[in-house]
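The values are calculated or read from the model by the stated rules, or taken from the named source; none is laboratory data. Note that the structure is predicted; figures quoted are calculated from it, not measured. All Cβ positions, glycine included, derive from the backbone under ideal geometry; neighbour counts span all protein chains shown.
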Ligand code: NAP
């Protein structure tokens, strides 16, 4: 049941006087629940509990943490239809998407549980002592990754489950050994409270310390800023706008003790389509991309917002076909009236720039918060001259840039801001001539897709979901997949420690039977 209160550790609390409601974007009305913004006192209490919980939780075994994560997944499923209905009423997204995202959220939690059970993830390195080494004896040094401390996670508007309350950031931080304080997204505060109740239930069932998780609500940035500035908070996870991510990075950098902010921000995900690919299968590419641009009303961080090609006699037909096919796809409801407002304003701002032509736009009356798909085009020369054409238009929008030559296309790629993904659509026969394009694209993105679409991010160990700024604030890490756990740990070394005081991962007998780097060799062997 939704109460509208915050979870301050295991306890529901609503001491404040500032309230807000979520909106049902399909019906364009407010949802019935009122959410009480956390007070300064409640924020303080949540962080204090989190810090206390950290002192205990950081020493829990991987197996114990794995049971907790698996139980969270079970409890999310047990929320049943109430979760699905609340999700759809707060996001405008359809029921099928809600169920798919719930499955993905549970799978992510279970993937981290498996990682912890296996145990090798925290990078145990052992360099044994050599008393006879000349000119000085070599000490015994053993290194492991240890958790940073309490983590604040900002939920994402566009993934109310998989990148929100029990989403990838939360699952990875809890797996690393860090308690989480969730800043619920004000657009889906009810969904967040329900998922928080599942996490708290799982925490109580599996004997986790009070404060392992808190769910803080509020809108207007006050609560989020207070959390990031709190001295006991040691790291931040964020998915959202470039302006929001940059503001939080700056708050964190200006603290007396600066802390890392792992922000995943805007991306327009360039797609390079060669004239040969257009000639060979232009119609097919147009259909596929009309689908990808409009998928989920274009509200994915990997949405293909920029298509790049080189002029040929088939270019215009291809672009017109893409525009027609995109306009034929039924418009969908956006997440929130403000997201729709910004989509229209940002799309209009791009199409008002010099040299931009509208290829297609849904202009007939669509439901109030539905997204009118828009495809526009511009020359490579105009794109190079005008940075305003590089901005993300969050929604079903794509700008096609027609370059005069391969050299100009490479110049366009070199001038792009950092991106999550890049895509190349090309024919097998031209692969040997594509190396310069590939090299340029690799410099700007975190992942390159060949002959596919960027939408759809597989959750697996090899995935990189991040990229040069502003795609993410730290391109050395991924926000998706089990390796995202590395954002929440720091390396720590023990020197000449008695075996009994070492964590199990570093003990001579290797009781966890994990793979370790011992004197330069990867092995599960014990040390004699
Ligand atoms: P947002 O405005 O960046 O807000 C996300 C979260 O960050 C909210 O909880 C917000 O708090 C908090 N926040 C933002 N700025 C802050 C600041 N200066 N200080 C403290 N907290 C701050 O993103 P959004 O509401 O999800 O969506 C807005 C736009 O972001 C979208 O229209 C889209 O353009 C972009 N977006 C992009 C992606 C992507 O993957 N590329 C994903 C989501 C959104 P409050 O709730 O208190 O305001």
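Structure data summary
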read-out: Residue list for the range 113-131, restricted to those being part of a strand (DSSP E or B) and free of Cβ contacts under 8 Å to residues at least 60 places away in the same chain; value: 130
read-out: Of the criteria (1) modelled with pLDDT of 95 or more; (2) in the same structural domain as residue 227 (by TED's automatic domain parsing); (3) more than 14 Å from the ligand (Cβ to nearest atom), which one residue 169 fails; value: (3)
read-out: Residues (free of Cβ contacts under 8 Å to residues at least 24 places away in the same chain and either buried (at least 24 other Cβ atoms within 10 Å of the Cβ) or assigned to a loop (DSSP other than H, G, I, E, B) (or both)) located in the range 132-162; value: 132, 133, 134, 135, 136, 137
read-out: Top-ranked residue of the range 216-235 - restricted to ones that are in a loop (DSSP other than H, G, I, E, B) and more than 8 Å from the ligand (Cβ to nearest atom), ranked as surrounded by the fewest Cβ atoms within 10 Å (Cβ to Cβ); value: 231
read-out: Single match in 243, 250, 267 (criterion: part of a loop (DSSP other than H, G, I, E, B) and within 12 Å of the ligand (Cβ to nearest atom)); value: 267
read-out: Test: residue in the range 499-522 that is closer than 19 Å to residue 423 by Cα and out of contact with any strand residue (DSSP E or B) (no Cβ under 7 Å at 6 or more places or on another chain); value: no
read-out: Residue in the range 492-506 that is modelled with pLDDT under 95 and outside the structural domain of residue 144 (by TED's automatic domain parsing) present; value: no
read-out: Selected residue [surrounded by 15 or more Cβ atoms within 10 Å (Cβ to Cβ), touching a residue at least 60 places away in the same chain (Cβ under 8 Å), under 20 Å from residue 161 (Cβ atoms) and more than 24 Å from the chain's Cα centre (by Cα)] from 3, 71, 22, 86; value: 3
read-out: Residues that are away from the ligand (no atom under 16 Å from the Cβ) and either within 17 Å of residue 453 (Cα to Cα) or buried (at least 17 other Cβ atoms within 10 Å of the Cβ) (or both), drawn from the range 330-345; value: 331
read-out: Filter result for residue 416 (in contact (Cβ under 8 Å) with a residue 60 or more places away in the chain, touching a strand residue (DSSP E or B) at 6+ places or on another chain (Cβ under 8 Å), surrounded by 16 or more Cβ atoms within 10 Å (Cβ to Cβ) and assigned to a loop (DSSP other than H, G, I, E, B)); value: yes
read-out: Which numbered condition residue 296 misses (of (1) in contact (Cβ under 8 Å) with a residue 60 or more places away in the chain; (2) away from the ligand (no atom under 12 Å from the Cβ); (3) part of a helix (DSSP H, G or I); (4) within 19 Å of residue 454 (Cβ to Cβ)); value: (2)
read-out: Boolean, residue 187 is closer than 30 Å to residue 303 by Cβ, touching a residue at least 60 places away in the same chain (Cβ under 8 Å), within 16 Å of the ligand (Cβ to nearest atom) and outside any loop (DSSP other than H, G, I, E, B); value: yes
read-out: Enumerated strands (runs of 3 or more DSSP E) restricted to the range 481-528, each holding at least 1 residues that are under 26 Å from residue 235 (Cα atoms) and touching a helix residue (DSSP H, G or I) at 6+ places or on another chain (Cβ under 6 Å); value: 489-495
read-out: Search result, residues across the range 391-410 that are away from the ligand (no atom under 16 Å from the Cβ) and at pLDDT below 95; value: none
read-out: Residue 312 vs. criteria at negative phi, outside any helix (DSSP H, G or I) and more than 16 Å from the ligand (Cβ to nearest atom); value: yes
read-out: Members of the range 276-293 that are free of Cβ contacts under 8 Å to residues at least 60 places away in the same chain and either within 16 Å of the ligand (Cβ to nearest atom) or touching a strand residue (DSSP E or B) at 6+ places or on another chain (Cβ under 9 Å) (or both); value: 278, 281, 282, 290
read-out: Set 262, 238, 213: member being near the ligand (Cβ under 10 Å from one of its atoms), within 20 Å of residue 488 (Cα to Cα) and surrounded by 24 or more Cβ atoms within 10 Å (Cβ to Cβ); value: 238
